[in-house]
Every structure is written in structure tokens, then in C-alpha cells.
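Undergrad: Provided herewith is a single structure, encoded as C-alpha cells, for subsequent inquiry.
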Amino acid sequence: MAENRPPHIVLLSEFFVMTFRPAFSAALLALFAGACQPAETPAPAAEMSGPAADAGVILSCSHKDFQPPSSTSALAGHRAGPLKCLDVDLDLAAPTSSFVDETGASHSFAEFKGKVLVYNIWAEWCGPCVKEMPSLARLQKAFAGKDVAVVPVAYGFGKGVTKESTLAKFRELVGTDLPFFFDGELVLQSEAQTGALPATLIYDKDGKEVARLTVPTEWDSPEAVALIQAVLDGKS
């Protein structure tokens with residue numbers, strides 16, 4: 001049963017590593033596949049970038065002796081407990097590609113400038129994504145009335161996946177507590193330089209990425225709420 005497997009194994013087995021795309025190299029697929037076995041030595045994620053770095057993070061964090069690498073980020077202290085896999089050193093800008101809402105209207109992250117943006121990448125067939133989605137809705141409620149926007153954008157890939165089928169699943173999970181967005185062109189995730197599902201990327205009020213988590217978690221946990229509050233307070 002998926003619920004009895006560690007998060008990285010759930011990620012790997014739900015749908016061909018949850019991240020299979022034609023652009024992925026054979027080496028990257030092998031790297032993800034290797035996460036199904038206990039690693040003797042943590043993978044050197046810092047030596048990779050983009051999807052490969054995400055694979056390295058998943059492998060590294062699964063190791064029983066994993067210790068977060070040194071960092072000068074003010075958010076480094078949040079890399080513990082459910083957030084031990086948090087990456088706080090990428091320093092990337094928010095993607096500029098557009099995506100659509102349930103009506104087909106186009107949107108972009110520019111609409112959220114001036115707010116802390118919590119960008120979650122998910123898919124209707126991704127078990128870990130589905131499991132964590134309600135906690136994202138609770139996170140948004142925890143910051144009601146504050147400059148925090150939780151923005152899930154569905155990854156529109158997979159047999160039988162449509163905007164309509166994804167919307168139905170989304171409403172089942174969170175009702176109207178979060179906005180629905182869909183990336184049918186599959187460009188937003190690529191621009192964000194991640195191949196993981198689920199993945200949650202956090203941007204400060206200026207649109208700079210300050211943290212990302214490429215494994216599922218409970219986003220309304222005290223640790224996660226403290227992280228978002230720190231970003232809201234201007235720490236990065």
C-alpha cells in the first residue's frame with residue numbers, strides 16, 4: 001500500500017517516478033529509480049541543478065544519517081523535522097509562463113507580486129499530491145487576511161487527464177478553499193526547474209524563490225507555518 005511506503009518511494013512508484021517527461025535523461029531516471037533502495041551515501045544534490053537536483057534531494061533526505069548542507073540563508077534553521085528536505089539556496093525568479101483557471105482565462109504569477117507565493121505542483125493521479133492538498137488549504141486559512149497566496153497549479157499530463165477531470169478532483173479535495181489553476185502546456189513546471197511531484201516552491205514578496213520542498217508534507221504543521229511566517233517577515 002502506498003500509505004505504508006516512505007514518501008520518496010511513493011513518489012517513485014505512483015507514476016513512473018511522478019516526473020517522467022520526454023526531456024528527462026536516462027541517467028536522471030536511473031537516479032530516481034535508485035531511490036527505491038536504501039542509499040549507503042547521501043547523493044550530492046548540491047552538485048546538480050534543476051530536476052537532477054530534486055532527485056538528489058529525495059535520495060539524500062531518505063538516508064538515515066542525512067544532515068542538511070551548510071547555508072547562509074536565514075531560513076536554514078527551518079530544515080528540520082517534516083521540512084528536513086527543504087532547499088533554501090536556489091535563488092531563482094518565479095516563472096513567467098502563463099496558466100489557466102477553470103474558465104480557461106490566462107493567469108501568471110505576476111498577479112501575486114507583493115505577496116508570499118506558495119506554488120504547489122500537483123497532478124490528479126499523484127497520490128502524495130492528493131494527500132497533501134487539504135493541508136495546503138488549511139495553510140491558506142492560517143494566513144487569512146495576510147499577504148500569503150497558496151497557488152496550486154495542476155500538471156496536465158497523463159492518460160485521460162483533462163482540465164475538467166482535474167478540476168473535479170480538486171473540488172473533491174478542497175472545495176473552493178483554494179483557487180484552481182491548470183498547466184496544460186507543461187511549461188510552468190519546467191520553467192520552475194523541477195521534475196518532482198509534488199513540489200512546493202516558496203517565493204518572497206519580490207518574486208524570488210527562497211525555499212522549495214520536493215517531497216510531500218503537512219503544510220499546516222507548526223514547522224511549515226513557522227517557515228511561511230518567516231518569509232512573510234522578510235527573512236530569506
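The values are calculated or read from the model by the stated rules, or taken from the named source; none is laboratory data. Model, not experiment: these values are computed from the prediction. Cβ coordinates were reconstructed from backbone atoms using ideal geometry, including for glycine residues, and neighbour counts include every protein chain displayed.
Undergrad: Picking from Val174, Val118, Val161, which residue would you name as being modelled with pLDDT under 95 and among the aliphatic types (A, V, I, L, M)?
TA: Val161
Undergrad: What number of residues in region 201-218 are modelled with pLDDT of 95 or more, β-branched (Val, Ile, Thr) and under 17 Å from Pro82 (Cα atoms)?
TA: 2
Undergrad: If you take the residues in region 92-123 that are in contact with a strand residue (DSSP E or B) (Cβ under 7 Å, 6 or more places away or on another chain) and charged (D, E, K, R), which one is farthest from Gly184 (Cα to Cα)?
TA: Lys115
Undergrad: Looking at (1) in contact with a helix residue (DSSP H, G or I) (Cβ under 9 Å, 6 or more places away or on another chain); (2) assigned to a helix (DSSP H, G or I); (3) not hydrophobic (A, V, I, L, M, F, W, C), which is the only condition Glu111 fails?
TA: Failed condition: (1).
Undergrad: To continue, here is another question. Restricting attention to region 191-200, does a residue exist that is β-branched (Val, Ile, Thr) and either more than 14 Å from Cys129 (Cβ to Cβ) or modelled with pLDDT under 95 (or both)?
TA: Looking through region 191-200, at least one residue is β-branched (Val, Ile, Thr) and either more than 14 Å from Cys129 (Cβ to Cβ) or modelled with pLDDT under 95 (or both).
Undergrad: Examine region 96-107 for a residue that is of a type in the set (Val, Ile, Thr), at pLDDT 95 or above and under 22 Å from Arg212 (Cβ atoms), and state whether such a residue exists.
TA: yes
Undergrad: If I go through region 165-185 residue by residue, how many of them are under 25 Å from Val210 (Cβ atoms) and among the aliphatic types (A, V, I, L, M)?
TA: 2
Undergrad: Take region 180-228 and flag every residue that is within 15 Å of Arg138 (Cβ to Cβ), of a type outside the set (Val, Ile, Thr) and in contact (Cβ under 8 Å) with a residue 24 or more places away in the chain.
TA: Pro216, Glu218, Trp219, Asp220, Ser221, Glu223, Ala224, Ala226, Leu227
Undergrad: Restricting the first residue to region 117-138 and requiring it to be more than 28 Å from Ala93 (Cβ to Cβ), which pairs with a second residue that is outside any loop (DSSP other than H, G, I, E, B) and among the acidic types (Asp, Glu) meet a Cβ separation below 6 Å and a spacing of at least six or different chains?
TA: Matching pairs, first to second residue: Gly127/Glu14.
Undergrad: Report, by residue number, each residue of region 74-91 that is surrounded by 16 or more Cβ atoms within 10 Å (Cβ to Cβ), in a loop (DSSP other than H, G, I, E, B) and among the aliphatic types (A, V, I, L, M).
TA: Leu75, Leu86, Val88, Leu90
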